[in-house]
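The values are calculated or read from the model by the stated rules, or taken from the named source; none is laboratory data. Everything numeric in this text was worked out from a predicted model, so none of it was measured. Cβ: placed from backbone, ideal geometry, glycine included. Neighbour counts: every protein chain shown. For accessibility, only protein heavy atoms count, side chains too; no ligands or nucleic acids. Shrake-Rupley method; radii C 1.70, N 1.55, O 1.52, S 1.80 Å.
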Amino acid sequence: MHGFAAVQPVFLVKQRNSLPMTVARRTFLALAILMQPAAADDLDPRGVEFFESKIRPVLVQHCYKCHSADAEEIKAGLRVDSRAGLLAGGDSGPAIVPDKPAESLLLSALRGDDYAMPPDGLLPKQVVDDFEQWIAMGAPDPREGDEPVAAEPQIDLAAGRQFWSFRPIGNPAVPQPTDAAWCATDIDRFLRARQELAGLAPVPDADRRVLVRRAY
């Protein structure tokens, strides 16, 4: 009896611990399998055809210049020349969330919600709708490859020192604009000289009534 009493707690502890460990292992393995990216051979051919005909050409034409391995400078740390690049995203986070268009920053950018992509003008609505449909389909993409690593941004200290706020205070010569009669102070001469370079003309002086209304 003494021997059984001494062994029983150990047996119960092992029995209690064995089931959770088994369940945990099975759950982990199931999640690992589900999270594996689909191979190109496993993709729905209709999804691949949709990507190749409606999505990839747009990415190549409008996005690769700034967001691919061939870009002179990868903007915002984002690469769209692979599925891994879209999933990894850039400085703002993942570019796409498969099956969830509302959470995909790429679609938000194409719509011009917070920032516009491409920067030279929004794409036609039909193209944006195609991207929404593609993401809702699970973003099928046969492009394979490892997750791209964006180049580390390099700080050019010499160029940075040329920015106006980092340059030492100087005493530039006062310009002499053509319309010198408009100028009452040297500051006016600087302003008028820049206006003339830009082809602009100053507005007439406000009268007393306008000044009072503005002040009020």
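The table for this structure:
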{"item": "Filter result for the condition that a residue is surrounded by 12 or more Cβ atoms within 10 Å (Cβ to Cβ), touching a helix residue (DSSP H, G or I) at 6+ places or on another chain (Cβ under 6 Å) and among the small types (Gly, Ala, Ser), over Ala95, Ala116, Ala109", "result": "Ala95"}
{"item": "Residue in the range 122-132 that is under 25 Å from Cys66 (Cα atoms), of a type outside the set (A, V, I, L, M, F, W, C) and open to solvent by 100 Å² or more (accessible area, probe 1.4 Å) present", "result": "yes"}
{"item": "Of residues in the range 190-216 being among the basic types (Lys, Arg) and open to solvent by 60 Å² or more (accessible area, probe 1.4 Å), the one nearest to the chain's Cα centre (by Cα)", "result": "Arg194"}
